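The values are calculated or read from the model by the stated rules, or taken from the named source; none is laboratory data. If you're wondering where the values come from, they're calculated on a predicted model, not measured in any experiment. Here the Cβ positions follow ideal geometry from the backbone for every residue, glycine too, while neighbour counts run over all protein chains shown.
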Amino acid sequence: MSSSEQRPSRTGAPDTALERTLFGAQVRECLPASSQLIARRLHDLLRAALRDGAFASGRLPSEAELMAQYQASRDVVREALDLLRNAGLIERRRGVGTVPVRAEYLVAGALPPEGRSLEEHLALGRISPRLLHWAWVPATRVIADHLDGIAVSDDCLCIEYVLLLDQRPIGLFTNYLRAPEAARVDLTIFREDFYSLLHAGGIDFTAFDVGLQAARADDYAAALLHVLPGEPVLLLEQTIRNHDGQAIDYALGTCRSEIQLRIGAIPRIDLTGTLPR
């Protein structure tokens, strides 16, 4: 038997050390430079400041002021401003400076206190719904799974609407309200927000579960929210509960990317008390 027959050929077998070296080089090529990371962090801080309404004068500080305030180089400041400009948040105006051109909204994640409308609770501007659909529909499996005391094919009320802020669309919502509560709401008084509609019907609710997911606007949502198809949006899933913890309403929504939902204080869960001793 020849030596080639005695030992299996290594042709095509990976050289592990070489592959690790090549992979490491590829990763390093993809990593941003240190200045880019600094610019990204500055962009994030300035975006948060814009959202908080920090620039009451209606314009951002000059490049020199930003350099001094954030201890950053001119190149870093310019790159951070470019990121904001590319996101459509600011623009440079001759004789004025750098100004915000798109509002961002910080929305409290808590339910409005009883007796207060969503408009009063958020204090962002005039809030109103543009009703798209109001009809009884049979509950699908997904709806039934999210509402207590509801079986598949049971009737529930489907309410679909665009939520407007100062006549500008900010969210598209479809609510599925179970029949006992739906029988107490009135289409003719749906003039403010969904929570006010429930309050007006004397419907008891105290809490909700919420889930959020980043996505891109489909053609239908884009047309209703006045954004381009494929633009970033925030998908929302919400279940409203009454005092007994029963799920009475299940909602699916799509919000413009200017919305940031602030959930608030989330308590730390102590798992040690559940461990066996």
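Residue count for segment 78-119, restricted to those that are of a type in the set (Asp, Glu) and within 29 Å of residue 37 (Cα to Cα): 4.
Scanning segment 226-235 turns up at least one residue that is closer than 26 Å to residue 154 by Cβ and either under 13 Å from the mean Cα position of the chain (by Cα) or in the same structural domain as residue 173 (by TED's automatic domain parsing) (or both). Here segment 127-157 is the region considered, the condition is being charged (D, E, K, R) and assigned to a helix (DSSP H, G or I), and the residue that is surrounded by the most Cβ atoms within 10 Å (Cβ to Cβ) is 145. Residues that are outside any strand (DSSP E or B) and free of Cβ contacts under 8 Å to residues at least 40 places away in the same chain within segment 98-126 comprise 101, 113, 116, 120, 121, 122, 123, listed in sequence order. Here 91, 181 are screened, and the one residue that is among the acidic types (Asp, Glu) and assigned by TED's automatic domain parsing to the domain that holds residue 245 is 181. Among the residues making up segment 83-97, a single one is out of contact with any strand residue (DSSP E or B) (no Cβ under 8 Å at 6 or more places or on another chain), touching a residue at least 24 places away in the same chain (Cβ under 8 Å) and in a helix (DSSP H, G or I): 83. Go through segment 109-161 and count every residue that is more than 22 Å from residue 172 (Cβ to Cβ) and at pLDDT 90 or above. Counting residues in segment 109-161 that are more than 22 Å from residue 172 (Cβ to Cβ) and at pLDDT 90 or above gives 12. Being in the same structural domain as residue 170 (by TED's automatic domain parsing), over 18 Å from residue 132 (Cβ atoms), in contact (Cβ under 8 Å) with a residue 24 or more places away in the chain and surrounded by fewer than 14 Cβ atoms within 10 Å (Cβ to Cβ) is a property that residue 202 lacks. Among the residues of segment 51-70, those that are of a type in the set (Gly, Ala, Ser) and either without any contact (Cβ under 8 Å) to a residue 24 or more places away in the chain or not in a loop (DSSP other than H, G, I, E, B) (or both) comprise 53, 54, 56, 57, 64, 68. Residues in segment 252-268 include at least one that is more than 30 Å from residue 168 (Cβ to Cβ) and at pLDDT 75 or above.
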